[in-house]
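A short write-up of the structure that comes next.
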Amino acid sequence: MASSISVQDLTKVYDLGEIQVRALRGVTVDIAAGEFVAVIGPSGSGKSTFMHILGCLDRPTQGRYLLDGHDVSTLSRNALADVRNKKIGFVFQGFNLLSRTTALDNVELPLLYNGNGMRGKERRRRAHDALNGVGLSDRAGHHPNQLSGGQQQRVAIARALINQPSILLADEPTGNLDSRTSVEVMGIFQKLNTERGITVLLITHEREIAEYGTRIITFRDGKIVSDKPNTVRRMAADEFAALPLDTDSDADSSVPAASTSVGALDLDLDLT
């Protein structure tokens, strides 16, 4: 299920009239299927541009991007959209949920665009299963403004999983969350990676968050300056179990106490 990624001499130049901004400067890297890679770097280092290209949201100025051995760097806009829809799930810092739409409808939305002709009843079943998988089945009818930040991010994760992607791209997914909820969300990503074999690419500027990955790639000035296995990996399930009960946190208020533990989240979803 997982996908392999290979980029070769990747360059991205943004033409801003009289100014050209070189966001990527000859990036070459391979990411094996099933890896959990954290990409870290300061603002303007090129890490977000790198993610946009890997997510088929943008195309490189030069270089190649091979996804499962197929060169997608020169595909048309429609072809890139098709790759995104079938292979890639996205989770963003700002959640990107539709404010006037329920959690269930937000999760179901990608199924309306994948062109598979799925009936409404089946779409609803899959959306319910996805919400249940992140511990939010009892929040299906709630709108985003009725959910905590942690709950909104878990709705976004469920939406990212609805099309059964082999790659999950997470751009600063804990940026709007408190420390306790951040651990819970990182536990979901680790569980998806280990139990479902999803390739996870995490973009962050926080070293502490990067340490949840198995490999850390550091960007600076559009280049990779470090690429090393993470020898001091943090395990979210262990950390969450050791945390004291906090009745004011997103993580504690979002689901019943018996389901709050990272280890209790049922991510073995049947979305077929």
Quiz item: What nm value, rounded to one decimal, do you get for the distance between GLU18 and LEU109 when each label is placed 7 Å out toward the C-beta?
Solution: 4.0
Quiz item: Around LEU168, which amide H atoms from residues at least 5 apart in sequence, or from another chain, sit under 5 Å from its own amide H, with H modelled in the peptide plane?
Solution: GLY89, THR199, VAL200, LEU201
Practice problem: List the trypsin sites (Lys or Arg not before Pro) within the range 72-137 that fall in a DSSP loop (any state other than H, G, I, E or B) and whose Cβ has at most 13 other Cβ atoms within 10 Å. | Solution: ARG100, ARG119
Practice problem: For the range 180-191, just list the computed ³J(HN,Hα) in residue order, Karplus coefficients 6.51, -1.76 and 1.60, θ = phi - 60°, integers in Hz, with x standing in for Gly and Pro. | Solution: 5, 5, 4, 4, 4, 5, 5, x, 5, 4, 5, 5
Quiz prompt | Label-point gap, in nm, between LYS86 and ASP30 - each point 7 angstrom along Cα→Cβ | solution = 2.4
Exercise. Name the long-range amide H neighbours of TYR212: under 5 Å, sequence gap of 5 or more, or other chain; modelled H, no Pro or chain starts.
Key: ARG234
Quiz prompt | Sequence-distant lysines (8 or more away, or on other chains) whose Cα lies within less than 29 Å of LYS121 | solution = LYS86, LYS87, LYS191
Quiz prompt | For the range 35-113: rounded, prolate or oblate by the Cα gyration tensor [a/c cutoff 1.5] | solution = oblate
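Say R0 is 41 Å: what FRET efficiency, to the nearest 0.05, do ARG220 and LYS121 get from their beta-carbon distance? Working shown, then result.
Working: r = 50 Å, r/R0 = 1.23.
Once the sixth-power term is evaluated, E becomes 0.25.
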Exercise. Any lysines with Cα under 22 Å of the LYS223 Cα? List them, leaving off those in the same chain fewer than 8 positions away.
Key: LYS12, LYS47
Quiz item: Cα centroids of the range 60-113 and the range 1-46: how far apart, whole angstrom?
Solution: 17
Quiz prompt | the chain - charge dipole about Cα centre, Lys and Arg +1 at Cβ, Asp and Glu -1, debye rounded to 20 | solution = 800
Quiz prompt | Per-residue HN-Hα couplings for the range 61-72 [Karplus 6.51, -1.76, 1.60; θ = phi - 60°; Hz; x = Gly/Pro] | solution = 6, 9, x, 10, 10, 9, 10, 6, x, 9, 6, 9
Exercise. Give me the net charge of ASN78's neighbourhood, meaning all other residues with Cβ under 14 Å from the Cβ of ASN78; Lys, Arg count +1, Asp, Glu -1.
Key: +3
Self-check item: Nonlocal amide H pairs with ARG59, under 5 Å, H built at 1.01 Å
Solution: none
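We did not get these values from a lab; they are worked out from the coordinates using the rules stated. Since the structure is predicted, the reported quantities are computational estimates derived from the model, not experimental observations. Glycine gets a Cβ as well: all are built from the backbone with ideal geometry, and neighbour counts include every protein chain shown.
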